[in-house]
Structures are given as structure tokens and as C-alpha cells.
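Structure first, then comments.
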Amino acid sequence: MPEEKTLTRRDLITTTAKAAAVAAVAQPAVQAAKEAGVARPVAIASRNGLAAVKLAVESMLAGAAPVDAAVAGVAINEADPSDVTVGYGGLPNEDGVVQLDAAVMDATAMTAGAVAALERIKHPAAVALQVMRRTNRVLLVGGGALEFARAHGFPEENLLSERARKIWLYWKENASGKDDWLGDPGDAEDPDVRWFIEKYGDSYFRPDGTIHLSACAADGRLGCCTTTSGLFFKFQGRVGDSPLVGCGLYCDAEVGSAGSTGHGESSIISVGAHTVVEFMRQGRSPEAACLATLERVVRNTRASHLRDESGRPKNNLLLYAVNRAGDVGSAAIWSGERSRYTVCRAGSEPRLLESAYLFRREPARR
Ligand code: ASP
């Protein structure tokens with residue numbers, strides 16, 4: 001299969017010509033996979049999606065529509081407190097309140113549903129599915145989304161896990177030496193806080209998480225879902241790309257499905273997922289479509305506060321895509337531990353793979 005065999009790490013020190021050259025290199029692999037027969041159903045997700053893609057494929061094999069399979073898969077992450085980027089246990093906003101964003105899309109019916117800044121509901125993707133199926137609207141936010149979830153019987157609960165509370169408090173107390181919060185020097189020794197600092201404590205790259213899952217059924221039907229607790233310690237009410245159709249996710253029955261994780265504002269400005277689908281419509285492979293979209297994101301990253309000393313984006317953005325034939329691909333702006341994706345195909349175990357990328361992250365930086 002293409003992504004497993006030949007799409008190794010590479011440096012594309014950002015020229016469109018170089019990106020095009022890499023896309024050309026990728027084509028024989030895609031062709032070889034086509035000749036070998038690409039297995040469907042298939043699901044592709046962000047790096048935290050190993051269990052989710054497996055369940056999504058199992059669900060499709062059992063007859064679920066791709067969008068339902070996607071929601072079933074990501075529910076694993078939403079319920080898992082060790083995933084601090086999604087659902088229960090997700091890191092809160094700057095006020096210590098967990099606000100969740102999620103969206104779903106069904107390529108066959110060309111319908112979508114979404115919720116943003118939703119509090120106290122563990123499974124926002126399932127609420128988004130109800131918005132899609134039980135309303136003639138697409139996006140509900142804040143209190144309105146909560147009222148809607150209540151009306152549909154979703155239980156309310158405290159979503160702030162002890163680990164997330166301790167990490168948030170540490171951040172709050174150490175964010176500035178000029179406010180009224182005083183930290184305790186021993187706090188950095190707390191196992192939960194240490195875990196966070198080791199995993200995310202880099203000042204150069206903003207922490208990111210989220211799960212996107214795109215699903216393609218045995219007959220080529222497509223659906224997708226993105227769900228997140230959003231940027232860590234965000235403004236109250238800040239909404240990222242995840243619940244925005246076209247940005248955090250998009251699918252089209254004639255083409256494929258795509259989604260994004262990482263720096264949400266970058267995906268919003270370049271309408272990330274929709275752009276990937278449009279590049280696939282022009283005939284590019286999923287990986288080449290993701291790379292072409294990221295090239296555009298780089299060109300659109302013009303504000304100086306978003307660029308490093310070499311003029312490259314400071315933040316990372318990851319894209320994931322599947323076409324209706326079942327080929328998959330992923331790419332990131334920056335290489336690194338977090339620039340990976342997960343795939344599961346019918347008859348195979350889920351796999352964690354490296355995304356293609358535009359810039360190699362220097363070893364000194366995480
Ligand atoms: N894209 C999400 C957002 O901007 C965050 C993430 O993926 O980490 O809210």
C-alpha cells in the first residue's frame with residue numbers, strides 16, 4: 001500500500017517545484033498499490049487514532065455508514081482521560097473550563113453537523129451527529145449546543161479530570177510573574193505536571209492534539225469526523241478549525257475525505273480540508289493533495305508573529321486524506337514525533353505511520 005511502502009520522510013525546503021517533484025515520486029507507489037488492490041473499508045486518523053481507526057473499520061464491516069463509524073471510533077478518545085486533547089480529560093481554556101468542538105460530515109447526503117464551545121458533554125461528536133440528523137442547521141455553539149444536547153438526552157458531567165486541572169493550574173500560576181497567581185516550586189515535580197512538560201513543554205511549537213477520522217466504506221461511501229478540546233488554555237469561546245466544515249473536515253462523494261489537526265487558525269485561513277479535497281479532485285493522490293495544501297498554508301502565513309526567523313510558519317498543521325478508491329495520505333508542515341497518522345484497512349491491524357512534511361524540525365527542537 002502506498003503509505004506503508006515508500007512514503008518516507010523527506011525534506012522539502014519549501015519550493016513548489018520541490019513539492020511537485022516529491023508528489024511525482026509518490027505516484028508510482030500509488031499506482032503499485034492500485035494494481036495490488038487497495039483494501040476497503042479503510043479509516044485514516046491523526047496519530048492518537050490507533051484504536052479509533054480499528055473500531056471504525058470494524059463498524060463499517062458490520063454495516064455502519066462511514067460517518068457513524070467515524071463517530072464510534074473517536075468516542076474512544078473522547079472518553080479516555082489520558083488523551084488530554086479530546087473530550088473528557090481534555091485540557092481546559094484559560095479559565096479552567098473544558099470547551100469542546102466537534103463536527104461530522106456525510107459525503108453521500110452532503111450533510112454536516114457541528115457543535116462549538118460545548119461544555120459538560122463528553123461526546124460532542126455524537127451531539128454533532130444529532131445536529132446533522134435532527135435539525136436543518138449545521139452549527140450550534142455554547143449554551144445553545146448544551147441545551148440541544150440536553151434535549152437529546154446526553155448526560156452532563158464534569159469534564160475536568162484531576163490531571164487536566166493540575167496541568168492548567170501549573171500553567172496559570174507560571175504564565176506571568178506580574179499577575180496575582182503564585183506557583184508552588186514543588187508543583188513541577190507532580191507526576192501529572194511532569195508528564196505534561198515532558199510531552200508538550202516546548203515553547204516553540206504550540207501543543208496540539210485533536211482527533212480527525214476519515215472513513216471510506218467497502219463501496220466507496222465516505223464520511224468524517226473531527227473532535228477536540230481545542231488549543232490548550234485558549235480564550236473562553238475561542239473556536240478553532242475542528243468544528244468548521246471545510247476547515248477541520250470535509251468530504252465529497254465524488255472525490256474523497258480530509259481533515260486537519262494542529263494550528264487551527266492556519267487551517268481556517270486556507271480552508272484546509274476543503275482545499276485537500278479540491279486538489280484530489282484535480283487528480284492528485286491524497287498525500288500530494290495534503291502537501292499542495294500545506295504549500296498554500298505556508299504562502300498564506302504572512303503575519304510576522306506566525307513566522308520564525310527564516311520566514312517559515314512557527315506552528316504545525318497536519319492534514320489527513322482518503323480518496324474514494326481507498327488510497328490514503330497525510331502531511332505536516334513540520335516533521336517530528338507528532339507528525340504521524342494512523343490507518344486501518346479491512347483485514348489488517350491498525351498502523352502508526354510518518355506523515356510527509358515540508359520542513360525538517362531541527363533535532364534541538366521537539
Ligand atoms: N486544531 C485544533 C484547534 O485549533 C487543535 C489541535 O488540533 O490541536 O482547536
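Only the Cβ atoms of Lys and Arg (+1) and of Asp and Glu (-1) were treated as charged; on that basis the dipole of the range 260-305 about its Cα centre amounts to roughly 120 debye.
Which order do the peptides 87-94, 40-47 take when ranked by the mean count of other beta-carbon atoms within 10 Å per residue, highest first?
Working: 87-94: 23.8, 40-47: 28.2.
With the highest mean Cβ count within 10 Å placed first, the list reads 40-47, 87-94.
Entry note, the chain: relative contact order of 23 percent, from Cα contacts under 8 Å with a spacing of 6+ residues. Put a plus charge on the Cβ of each Lys and Arg, a minus charge on the Cβ of each Asp and Glu, and nothing anywhere else: the dipole of the chain about its Cα centre is then about 1020 debye. The label point for residue 197 and the one for residue 82, both projected 7 Å from the Cα toward the Cβ, are 2.3 nm apart. Per residue, the average separation of C-alpha pairs within less than 8 Å and at least 6 apart gives the range 172-328 a relative contact order of 21 percent. Ranked by how many other Cβ atoms sit within 10 Å of their own Cβ, fewest first, the residues 194, 299 fall in the order 299, 194. Relative contact order for the range 100-139: 41 percent, from Cα pairs under 8 Å spaced at least 6 residues apart, divided by residue count. Toward the positive end of the charge dipole of the chain, with +1 on the Cβ of Lys and Arg and -1 on the Cβ of Asp and Glu, the farthest Cα among 131, 229, 253 is that of 253.
When the helices in the chain are scored as -39500 (n - 2.57) per DSSP H run of 4 or longer and the sum is shared across all residues, what 222 nm value do you end up with, to the nearest 500 deg cm²/dmol?
Computed ellipticity for the chain at 222 nm equals -10500 deg cm²/dmol.
Each residue in 184, 252 was given a count of other beta-carbon atoms within 10 angstrom of its own, and listing them fewest first yields 184, 252.
Comparing Cα centroids, the range 207-263 and the range 275-297 end up 16 angstrom apart. On a C-alpha basis, how far is the centre of the range 45-90 from the centre of the range 325-344 in Å? Whole number, if you could? Cα centroid to Cα centroid, the span is 16 Å.
Apply 1/(1 + (r/R0)^6) to the Cβ-Cβ distance of residue 97 and residue 61, taking R0 = 41 Å, and write down the FRET efficiency to the nearest 0.05. Working shown, then result.
Numbers: r = 39 Å, r/R0 = 0.95.
Efficiency, rounded to the nearest 0.05: 0.60.
Values in this text are rule-based calculations from the coordinates and carry no lab data. Please read these numbers as outputs of a predicted model, since none were measured by experiment. Note that each Cβ is placed from the backbone with ideal geometry, even for glycine, and that neighbours are counted across all protein chains shown.
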